[in-house]
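The values are calculated or read from the model by the stated rules, or taken from the named source; none is laboratory data. These numbers were taken from a predicted model, which means no experiment stands behind them. Glycine also receives a Cβ, built like all others from the backbone with ideal geometry; neighbour counts cover every protein chain displayed. Quick note on the areas: whole protein, heavy atoms, side chains included, nothing else; ligands and nucleic acids left out. Shrake-Rupley method; radii C 1.70, N 1.55, O 1.52, S 1.80 Å.
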Amino acid sequence: MEYKLSKDQIAFYQANGYLVIQELISGEESKMLLKSIRRHANEDFAAIMNPDREDELARQAPFSSRESVLETAALLRAYMKDARIVSILETLQSREIVGLMSQMLFKEAGSKYANQAWNPHQDNTYPRNKNKQYITTNLFFSRADKKNGSLYTYPRSQNENLLPAKDMISYREAYGANPGNTVSVPKKYKKVDLTFKDGSLLILHGNVIHGSYPNQSKTRSRPLYSCSYMTKGEKFIPGANAKRMVIALHKSKKRRGHIEVCSPNACA
Ligand SMILES: O=C(O)CCC(=O)C(=O)O
Ligand SMILES: [Fe+2]
């Protein structure tokens, strides 16, 4: 089922470089997804890279049963390919897109990674697409605000090219060290704090500057599932941890063509 963006939503994204769609998925969907991926978290609730890939999830959660790994990877891959999300992104890019990677960030209340606050960064600093065709999504599996580690953006900063950045370890960094290849934000941009209801989607232009707060809540975790996409045919750096690769999001046209040409009897 596709999602139809309004003219105002498209205009907002084009002007500001981000868009929030509150409650895109239902509370039940969100609960089910969180329950599934949470089984694979280690005791520190460290991030899990590419949990939609069976081998990657199994490697990062060696204590998980094979059955549960297969189940979670399939579920999360289905959400990367979700027709609602893909249709939104293709409307915003005005082109066909492919998936590149995903990451689960728990910011579990009381865990060692609860304080993980991302420095201001541009997501495109990692794949480095010169045509600014990288786009990321963050799907919230609980409500999020400044207190429990939500994100902030600098509207309109997607108009910048990639800014000079200080490289930081951004995957399973030392406790207390903040990830995100840090940029110094040009003075003309003003920070906007974002709040989300459970099941909401944040779409970020790859060049828009954003970051996040530490989770200071004792009781409220801030789990989010992040997926990254690129306009089809565009170049990107795969990355040693992220292992970006082209993931097709649409059913193969060749197969659809095949079904069209066979006779009703042959297809039955
Ligand atoms: O999880 C967060 O707080 C921010 C994540 C983020 O910006 C990223 O993964 O690039
Ligand atoms: Fe980011």
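Its relative contact order, with pairs defined as Cα atoms under 8 Å and 6+ residues apart, puts the range 44-175 at 27 percent.
Computed from the Cβ-Cβ distance with R0 of 25 Å, the FRET efficiency linking ASN131 to LYS31 stands at 0.05.
Pairs from the list LYS146/LYS188; LYS107/LYS218; LYS31/LYS147; LYS7/LYS130; LYS147/LYS197 with a Cα-Cα gap above 19 Å: LYS146/LYS188; LYS31/LYS147; LYS7/LYS130. Straight-distance candidates among the aspartates and glutamates for linking to LYS187, with alpha-carbon spacing under 18 Å and chain neighbours fewer than 8 residues away dropped: GLU160. For the pair ILE10 and MET168, a Förster radius of 35 Å applied to the C-beta separation gives a FRET efficiency near 0.60, rounded to the nearest 0.05. Accessible surface calculations at 1.4 Å, restricted to protein heavy atoms, place the range 44-176 at 40 Å² per residue. Karplus-based coupling profile of the range 121-133, in residue order and whole Hz: 8, 10, 4, 5, 5, 8, x, 6, 7, 5, 8, 6, 9, with θ = phi - 60° in 6.51 cos²θ - 1.76 cosθ + 1.60 and x standing for Gly or Pro. Overall form of the chain: oblate. Here a/c, set by the Cα gyration tensor axes a ≥ b ≥ c, is 1.5 or more, and a/b is not larger than b/c. Taking the chain as a Gaussian network of alpha-carbon nodes connected by springs under 10 Å, the highest mean-square fluctuation of the residues PRO186, PRO223, PRO238 belongs to PRO186. GNM on the chain, alpha-carbon springs under 10 angstrom: the most fluctuating residue among GLU108, GLU67, GLU28 is GLU67. For SER65 and ASN241, the difference between the fully extended length at 0.36 nm per residue and the C-alpha to C-alpha distance is 61.0 nm. Atom-type composition of the exposed protein surface of the chain places 53 percent of the accessible area on carbon and sulfur (1.4 angstrom probe). Please give every one of the lysines within straight-line cross-link reach of LYS132, meaning a C-alpha to C-alpha distance under 17 Å, and leave out same-chain neighbours fewer than 8 residues apart. The reachable lysines, counting only those whose Cα sits under 17 Å from LYS132, are LYS232, LYS235. A simple spin-label model places pseudo-atoms 7 Å from Cα toward Cβ; at THR219 and GLU43 they are separated by 2.6 nm. Taking amide H positions as modeled 1.01 Å from N, with prolines and chain starts lacking one, no residue 5 or more places away or on another chain lies under 5 Å from VAL185.
Restricting the trypsin sites (Lys or Arg not before Pro) of the range 178-210 to loop positions (DSSP other than H, G, I, E, B) with no more than 12 neighbouring Cβ atoms within 10 Å leaves LYS187, LYS188, LYS190. For the pair SER94 and ALA78, label points projected 7 Å from Cα toward Cβ lie 3.5 nm apart. Positive end of the dipole of the chain (Cβ unit charges, origin at the Cα centre): among TYR152, ALA109, ASN131, the Cα lying farthest that way belongs to ASN131.
For the chain, relative contact order (Cα pairs under 8 Å, six or more residues apart, normalised by length) works out to 30 percent. Distances between placed amide hydrogens fall under 5 Å for ASN50 paired with SER102, GLN103, MET104, all partners being 5 or more residues away or on another chain.
For LYS251, the aspartates and glutamates whose Cα falls under 13 Å of its own Cα, not counting residues fewer than eight places away in the same chain, are ASP82, GLU96. Here the spin labels are modelled as points 7 Å beyond Cα on the Cα-Cβ line, and at ASP193 and HIS250 they lie 4.2 nm apart. Whole-Hz Karplus values for the range 171-183 come out as 9, 6, 5, 4, 4, x, 8, 9, x, x, 5, 6, 10 Hz, taken residue by residue from phi with 6.51 cos²θ - 1.76 cosθ + 1.60 and θ = phi - 60°; glycine and proline positions read x.
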